[in-house]
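The values are calculated or read from the model by the stated rules, or taken from the named source; none is laboratory data. Note that the structure is a prediction, hence the values are computed from the model and not measured. Here the Cβ positions follow ideal geometry from the backbone for every residue, glycine too, while neighbour counts run over all protein chains shown.
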Amino acid sequence: MKRILLLTFACLCLAAPGISSADTPAKPTAEDFGKTADGTPVELYTLKSSKGLVAKIMTRGATLVQLHVPDSDGKSADVIFGFDDVAGYESEDNQYFGCTTGRVCNRIAKGKFSLDGKDYTLAINNEPNHLHGGVERSLDKVVWKAKPFANEKGTGVTFSYTSPDGEEGYPGNLDVTVRFFVPTDANRVSITYTAKTDKATPVNLTNHAYFNLGGAGSETVLNHKLMLNAPQYTPVDDTLIPTGEIKDVEGTVLDFRKPTRIGKGIEELTDTAALGYDHNFVLAEIPEGKSMRMAARLVDPDSGRTLTISTDQPGIQFYSGNFLMGQTGKDGKTYPHRSAVCLETQHYPDSINQPKFPSTVLKPGEEFKSTTVLNFGN
Ligand code: GLA
């Protein structure tokens, strides 16, 4: 009898969430994060390192909702923008905060492209262009399926979504996954994307987190120092569509090859359509034998917090929050003009219409796979 009881107890322990072997951390469990306006339940998952990083990610839009990291005194702050509930994310105040962006992030000129002899027309949601995958069923707005996991290195969640053929005007049934992983021993978030299709289709995926390393809600990001491993950029027309040229950053306010205060040259761009920085930078080549390279390093001199981003993608969109409008976000904090930066690793904007840019076309039988790593320090 005693034996049976012991055995039952051991089985219960193994099955219970939160209890795991000494080497493997507990598998993250789903928390209820409310419902979308159409009644779909949304889950929230928490990933933690032993060094103080806490990341919270929800199933709506496979979105980073919170990201807490310590400063040089060990004081933690949430360094990304977001809202306290799903209704906030569904409101007009949400400018893609923390979401997975696609099927094609950034702009497609006039919402038009041709592929395999067929013409496609997408929604115009950023006059006169298509932006960030569309209007109602872009990847940031749908609720993904979550599969949490744990291994001896840390914890993670794989989000998956199948976007049906024709959704938001894009061809092909597209199976997308986004895997977030936080190792136990470092303040790091790895984001890995995969995609498969049954018809040729453009794919460009990124995460749209807004960072202020002084803590989300701090007044400005202009005192942060930024380094971009980018010798070139793609000039744009007055609707922010690339002209097709690739130009050197040398001698321009886009030269961030050495750490530079974001506010230093931004005023030179105030009168452009971008109202500040909103540019795609061409990243330096990936060294031979490596799968990715450092793309960006952001430093907040006040808190001492740093963010180093590595990626295998060819470009990074550096956006200095020029369209932020002082909306209210998490904990009643406000998000003024230029109070955060987005560093969106991706292929270049409008690649589908630019034959000289690296291709974003995914074909049946191929797998798109890409990784971006956010490394925090202090
Ligand atoms: C991207 C774009 C910006 C803006 C933001 C969202 O970064 O490049 O122009 O649309 O998304 O507000």
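Take the range 74-100 and flag every residue that is more than 13 Å from the ligand (Cβ to nearest atom) and of a type in the set (Asp, Glu).
The answer is Asp78, Asp84, Asp85, Glu90.
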- request: Filter the range 131-187 for residues that are part of a loop (DSSP other than H, G, I, E, B) and farther than 28 Å from Asp119 by Cα and give the result.
  value: Trp144, Glu152, Lys153, Thr184, Asp185, Ala186, Asn187
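Being part of a helix (DSSP H, G or I) and in contact (Cβ under 8 Å) with a residue 24 or more places away in the chain is the filter; apply it to the range 248-286 and report the residue that is nearest to His347 (Cα to Cα).
Among them, the one singled out is Ile266.
When you scan the range 104-126, how many residues do you find that are part of a loop (DSSP other than H, G, I, E, B) and either within 15 Å of the ligand (Cβ to nearest atom) or of a type in the set (A, V, I, L, M) (or both)?
Counting residues in the range 104-126 that are part of a loop (DSSP other than H, G, I, E, B) and either within 15 Å of the ligand (Cβ to nearest atom) or of a type in the set (A, V, I, L, M) (or both) gives 6.
Give the residues of the range 151-166 that are crowded, with 18+ Cβ neighbours inside 10 Å and in contact (Cβ under 8 Å) with a residue 60 or more places away in the chain, sorted by residue number.
Those that are crowded, with 18+ Cβ neighbours inside 10 Å and in contact (Cβ under 8 Å) with a residue 60 or more places away in the chain: Gly154, Thr155, Gly156, Val157, Phe159, Tyr161, Ser163.
Which one of Gly52, Gly39 is surrounded by fewer than 12 Cβ atoms within 10 Å (Cβ to Cβ), of a type outside the set (A, V, I, L, M, F, W, C) and modelled with pLDDT of 95 or more?
On the way: Gly52 fails: surrounded by fewer than 12 Cβ atoms within 10 Å (Cβ to Cβ).
Every option except Gly39 fails the conditions.
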- prompt: What pairs can you find where one residue is in the range 99-112 and hydroxyl-bearing (Ser, Thr, Tyr), the other is part of a strand (DSSP E or B) and within 10 Å of the ligand (Cβ to nearest atom), and their Cβ atoms are less than 6 Å apart, with a gap of 6+ or different chains?
  reply: Thr101/Thr206
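Pick from Ser370, Ser351: which is more than 16 Å from the ligand (Cβ to nearest atom) and either in contact (Cβ under 8 Å) with a residue 60 or more places away in the chain or surrounded by fewer than 17 Cβ atoms within 10 Å (Cβ to Cβ) (or both)?
On the way: Ser351 fails: more than 16 Å from the ligand (Cβ to nearest atom).
The unique qualifying residue is Ser370.
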task: Look through the range 306-326, keep the residues that are closer than 15 Å to Val282 by Cα and either more than 13 Å from the chain's Cα centre (by Cα) or free of Cβ contacts under 8 Å to residues at least 12 places away in the same chain (or both), and return whichever of them is nearest to the ligand (Cβ to nearest atom).
output: Gly315
query: Mind checking whether some residue in the range 207-223 is within 16 Å of the ligand (Cβ to nearest atom), in a loop (DSSP other than H, G, I, E, B) and farther than 19 Å from Tyr335 by Cβ?
result: no
- request: Considering (1) more than 30 Å from Leu53 (Cβ to Cβ); (2) touching a strand residue (DSSP E or B) at 6+ places or on another chain (Cβ under 8 Å); (3) surrounded by fewer than 21 Cβ atoms within 10 Å (Cβ to Cβ), say which one Pro242 fails and leave the rest.
  value: (3)
